[in-house]
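> Please find one structure pasted underneath; my questions will follow.
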Amino acid sequence: MTIERNLPFPDYLNHPAFGSSDLRNFARLPALCDWHRRNRTNGTDATALGTAAHCLILTPTLFRQQYIVKPDGMTFASKDGKAWREEQRAAGYLDDNMLSQVELAQINAIAAAFASKRIAAKSLQDAVAAEASVFWAQDGLKCKARPDWFTRTCSYDLKISVHASKDIGTLRYRAWAEGWMHQGAHVRAGLRANGFPDVAKHRLVVIAPKGPSSVQTYCLELSEHTLDVIELEMESIRKAMVPCVETGIWPGTPDDWETIEIPESALTADLDEEEVAGE
């Protein structure tokens, strides 16, 4: 069990312990979990923008060290642009960390939106740590988590999503379908295992950039009861993963034909339509 406060994110990502996304992939199909762990991706332009905004909000000093802005109007298709990019690569900058003026404006707008939400900004000020990597063993499985920040009673996750909706029902569905709730339960388990037994809730700050001048921010809280229910599911997944880790065998889809039937919901819908037609 340990909490590392200065571990670079790529090193965390490549650590062999299992994160919440690994557990969710295993629940879908064990072989899917194994495939994703062996085929890490760098993400999309949208995730790169979100990573930069995360860095500016959570570790502004690191942002100034790792990111650089292209001269206005420069493109990498031009001779000058290609030469400039090679200079920055030689200086240690990654391609994803070379921002355009438009991208910088978007990132600054996201950071300003976060700062304008008093309850979110105050929680970060009160944090025990930000961008810390948490490692522990549970149910025979080596686990890892990386909360964006946490206090002694709550963990926090910053989500930057262009698809966020102001409808609370839609946000609730996304929190479930995209694994935000499972991530919260996983983080809480890791913090409790590392000497923070009073962490009870998980909070989400969801920022939806609609453009450089339009950003919406939502503050959501997962209750202790919700996390307790999900933790029971996560426990069963962890236990089921152990034999796969030990044997290196990650079952895939069945090798035989599987019979499928008309879904009950479809039959019910057809009957309802017939009743309406007969009225």
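> Could you say whether any residue in segment 82-94 is in contact (Cβ under 8 Å) with a residue 24 or more places away in the chain, in contact with a helix residue (DSSP H, G or I) (Cβ under 7 Å, 6 or more places away or on another chain) and of a type outside the set (Lys, Arg)?
no
> Which residue pairs have Cβ atoms under 7 Å apart, sit 6 or more places apart or on different chains, and have a first residue in segment 116-128 that is over 14 Å from Thr153 (Cβ atoms) and a second that is in a helix (DSSP H, G or I)?
Ala120/Phe114; Ala121/Phe114; Ala121/Ala115
> Taking the condition touching a Pro at 6+ places or on another chain (Cβ under 8 Å) and either over 29 Å from Glu178 (Cβ atoms) or not aromatic (Phe, Trp, Tyr) (or both), does Val69 pass?
No.
> Which numbered condition in (1) touching a residue at least 24 places away in the same chain (Cβ under 8 Å); (2) touching a helix residue (DSSP H, G or I) at 6+ places or on another chain (Cβ under 7 Å); (3) surrounded by fewer than 20 Cβ atoms within 10 Å (Cβ to Cβ) is the only one that Ala31 fails?
Status for Ala31: all satisfied but (2).
> I want to confirm something. Restricting to segment 127-141 and keeping residues that are at pLDDT 95 or above and not hydrophobic (A, V, I, L, M, F, W, C), which single residue is nearest to Asn14 (Cα to Cα)?
Of everything passing the filter in segment 127-141, Ser133 is nearest to Asn14 (Cα to Cα).
> Of all residues being β-branched (Val, Ile, Thr) and over 17 Å from Arg24 (Cβ atoms) in segment 243-260, which is surrounded by the most Cβ atoms within 10 Å (Cβ to Cβ)? Just the residue, please.
Quick first cut of segment 243-260, residues β-branched (Val, Ile, Thr) only: 245, 247, 249, 253, 259-260.
This time we only want the ones that are over 17 Å from Arg24 (Cβ atoms), so: 247, 249, 253, 259-260.
Working: Thr247: 8, Ile249: 11, Thr253: 9, Thr259: 4, Ile260: 6.
In this case the residue turns out to be Ile249.
Rundown of residues vs (1) over 18 Å from Gly19 (Cα atoms); (2) aromatic (Phe, Trp, Tyr); (3) in contact (Cβ under 8 Å) with a residue 12 or more places away in the chain, yes/no style:
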site	(1), (2), (3)
Val199	yes, no, yes
Tyr218	yes, yes, yes
Glu221	yes, no, yes
Glu224	yes, no, yes
Leu227	no, no, yes
Pro243	no, no, no
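> Same structure again: Within segment 132-140, identify whether any single residue is within 20 Å of His225 (Cβ to Cβ), hydrophobic (A, V, I, L, M, F, W, C) and in contact with a strand residue (DSSP E or B) (Cβ under 8 Å, 6 or more places away or on another chain), and answer yes or no.
no
> Right, next: Can Ser123 be described as among the polar types (S, T, N, Q), surrounded by 14 or more Cβ atoms within 10 Å (Cβ to Cβ) and over 21 Å from the mean Cα position of the chain (by Cα)?
no
> Quick test of your reading of the structure: Gly19 fulfils all but one of (1) surrounded by fewer than 13 Cβ atoms within 10 Å (Cβ to Cβ); (2) under 30 Å from Lys239 (Cβ atoms). Name the failing condition by number.
Here Gly19 meets the rest and fails (1).
The values are calculated or read from the model by the stated rules, or taken from the named source; none is laboratory data. Please read these numbers as outputs of a predicted model, since none were measured by experiment. Cβ: placed from backbone, ideal geometry, glycine included. Neighbour counts: every protein chain shown.
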